[in-house]
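One structure is given below, encoded as structure tokens.
Laboratory data are not the source of any read-out in this text; all were calculated from the coordinates shown. If you're wondering where the values come from, they're calculated on a predicted model, not measured in any experiment. Here the Cβ positions follow ideal geometry from the backbone for every residue, glycine too, while neighbour counts run over all protein chains shown.
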Amino acid sequence: MITVFSPKHRLHHGVELKDGSVKPSFEEPDRAETVLASVRASGLGEVMGEQPQARSCYTAVHSERYVAFLESAWSEWAATGRTHDALPLVWPVRGMPVQQEPRHIDGRLGFYAIDAGAPIASGTWEAVRASADVALTAMDALVGGAAAAFALCRPPGHHAGHELAGGYCYLNNAAIAAQHGLDQGARRVAVLDVDFHHGNGTQDIFYDRPDVLFASIHGDPRDSYPYFSGHADETGIGPGHGFNANYPLPWGTDWTSYADALDSALVRIRNHRADMLVVSLGVDTFADDPISHFRLTSEDFLRMGQRIAGAGLPTLFVMEGGYMVEEIGINAVNTLMGFEAAR
Ligand code: FKS
Ligand code: ZN
């Protein structure tokens, strides 16, 4: 399968509040380079660059004002005289009137974010846009008849909602690609999210829609980030009722019980009779991941890819999380190689 990659991801290298101080984020540039090196070493297939895409592909799933905010946030922040990464420190929460967007950049940062995990600096927008273009370019390969493609996105996207950033995410690459697939003729799409963290953003974007089935396997939100979504009783709303399927799993889950949830999710996907499958591929379910709590081994990712191939659908893999930098390349590529071997 082809891999789509953009070196522009390096323009984004944010900070994170860790252990009481501001440090480089776990979501660091080396992640993408490590995965790219493993793709090249594995002989998975050709690596190509992204095609620049229309801004309307982003506003097909995000609001116009949110995309405009992402485009201008850094210059507004810099205009206040600050040179360090822009981060929100106040949010509209229970009981507050959320509707009105503030004028000051410090208020706008909180208005458009779920947490302080999506810092914005000078190169952020260009990297974010390139990451979405990587996903769109890979989706175009599927639309053109490819059986599978790998979008080596960075920064990741699945925590980004209709008009919310957070958890290292800005534009929702998987959702933008899924919508693009529909706009290019697919009638139904399924999104399978195997990142350790619940894909709250993808859920938010498609929650009221029956054309996109969203299925996510993740750490139980009672114990794990993002804490405020990902429960099994979140099943969709209105016409989208029955088209959202969450599989929260306990702390310490290993392959045996993970595989059961994966099989259930794949049955749901088969019943959806989708024309294509988008996989939000996070490999932070790995046992040694520094911020997650499942216990998958590198071999388990081969098995995961094999099972996903069993759905028999044109499949777009979109890179999400994974933080044990020495291993994320092997684990991501194992998933893809497992898929290729089984289809
Ligand atoms: C660590 C606390 C963890 C944020 C976790 C974000 C996870 C991001 C991700 C993505 F795929 F988006 F990258 N806080 N001290 O892995 O889901
Ligand atoms: Zn994750």
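Would you mind classifying the stretch 56-129 by shape? Square roots of the alpha carbon gyration tensor eigenvalues, ordered a ≥ b ≥ c; an a/c under 1.5 is rounded, otherwise it is prolate if a/b is larger than b/c and oblate if not. Oblate.
The H on the amide N of D193, modeled in the peptide plane, is under 5 Å from the matching H of A215, S216, I217, S280, each at least 5 residues off or on a different chain. At q = 0.29, 0.30 Å⁻¹, what is the log10 ratio I(q)/I(0) for the stretch 280-337, with the Debye formula run over Cα points and no solvent? So the normalised log intensities are -1.24, -1.30. For the chain, the calculated P(r) over all alpha carbon pairs, in 20 Å bins from 0 to the bin holding the longest distance, is 34, 60, 6 percent.
Taking the DSSP bridge list for the stretch 114-249 and keeping only pairs wholly inside it, about 15 percent are antiparallel. Relative protection proxy for 109-118, 186-195, from highest mean packing down: 186-195, 109-118 (other beta-carbon atoms within 10 angstrom). Compactness of the stretch 82-228 is given as radius of gyration and Dmax, 16.2, 50 Å, from Cα positions. Rounded to the nearest whole angstrom, the semi-axes of the ellipsoid equivalent to the stretch 223-343, taken from the Cα gyration tensor as √(5λ), stand at 23, 20, 12, largest first.
Anisotropy class assigned to the stretch 19-66 is oblate, per the alpha carbon gyration tensor with a/c at or over the 1.5 cut-off and a/b no larger than b/c.
How would you rank F339, F317, going from fewest to most other Cβ atoms within 10 Å of each one's own Cβ?
Numbers: F339 26, F317 29.
Ordered from fewest to most neighbouring Cβ atoms within 10 Å, F339, F317 come out as F339, F317.
Normalised by the number of residues in the stretch 194-322, the mean separation of alpha-carbon contacts (under 8 Å, six or more apart) gives a relative contact order of 26 percent.
Give the value in nm², to one decimal: projected area of the alpha carbon convex hull of the stretch 198-271, averaged over all directions.
Numbers: hull surface 18.5 nm².
One quarter of the hull surface, i.e. the mean projection, equals 4.6 nm².
Figure legend: label point modelled 7 angstrom from the Cα of Q99 along Cα→Cβ; residues of the stretch 39-72 with amide N under 20 Å from it are 63-66. The HN-Hα couplings worked out from phi for the stretch 244-255 by the Karplus form 6.51 cos²θ - 1.76 cosθ + 1.60 (θ = phi - 60°) are 9, 10, 9, 10, x, 10, x, 3, x, 4, 10, 4 Hz, whole numbers, x standing for Gly and Pro.
Summed over qualifying helices (DSSP H, 4 residues or more, each -39500 (n - 2.57)) and divided by its residue number, the chain shows a 222 nm mean residue ellipticity of -11500 deg cm²/dmol.
For the stretch 84-92, backbone phi angles converted through the Karplus equation (6.51, -1.76, 1.60; θ = phi - 60°) give residue-by-residue couplings of 8, 3, 7, 9, x, 9, 8, 10, x Hz, Gly and Pro being listed as x. Share of Cα-Cα pairs in the stretch 150-264 beyond 19 Å, in percent? So the pairs more than 19 Å apart make up 44 percent of the total in the stretch 150-264. The ranking of T297, T315 by Cβ neighbour count inside 10 Å, starting from the fewest, reads T297, T315. Our summary gives the chain a relative contact order of 18 percent, counting only alpha carbon pairs under 8 angstrom and 6 or more residues apart. Classify the stretch 128-192 from the C-alpha gyration tensor, please: rounded if a/c falls under 1.5, else prolate or oblate depending on whether a/b exceeds b/c. Taking the square roots of the gyration eigenvalues as a ≥ b ≥ c, the stretch 128-192 is prolate.
With both labels modelled 7 Å from their Cα along Cα-to-Cβ, the N271 to T80 distance reads 4.8 nm.
The 3J(HN,Hα) values that the Karplus relation (6.51, -1.76, 1.60; θ = phi - 60°) gives for the stretch 131-143 are, in residue order, 4, 5, 5, 4, 5, 5, 5, 5, 5, 4, 5, 5, 4 Hz. Gly and Pro appear as x.
Report the equivalent ellipsoid semi-axes for the stretch 25-156 in whole Å, largest first, defined as the square roots of five times the eigenvalues of the gyration tensor built from alpha carbon atoms. Present the calculation step by step, with values, prior to reporting the outcome.
Working: eigenvalues 212, 63, 35 Å².
In descending order the semi-axes read 33, 18, 13 Å.
Residues of the stretch 252-289 with amide nitrogen under 12 Å from the 7 Å Cα-to-Cβ point of A232? Residues 261 qualify, since their backbone N sits under 12 Å from the label point. Annotation: the antiparallel percentage among DSSP beta bridges lying fully within the chain is about 20.
Once you list every other residue whose beta carbon is under 12 Å from the beta carbon of A160, what net charge do they have if Lys and Arg are +1 and Asp and Glu are -1?
Numbers: positive: none; negative: D115, E163, D204, E320.
Counting the neighbours of A160, the net charge comes to -4.
Between helix 173-183 and the chain there is an angle of about 70 degrees, using the helix long axis and the longest principal axis of the Cα atoms.
If you take every residue apart from S280 with its C-beta less than 9 Å away from the C-beta of S280, what net charge results, scoring Lys and Arg +1 and Asp and Glu -1? Please list the in-between numbers first.
Numbers: positive: none; negative: D193, D195, E320.
Value of the local net charge: -3.
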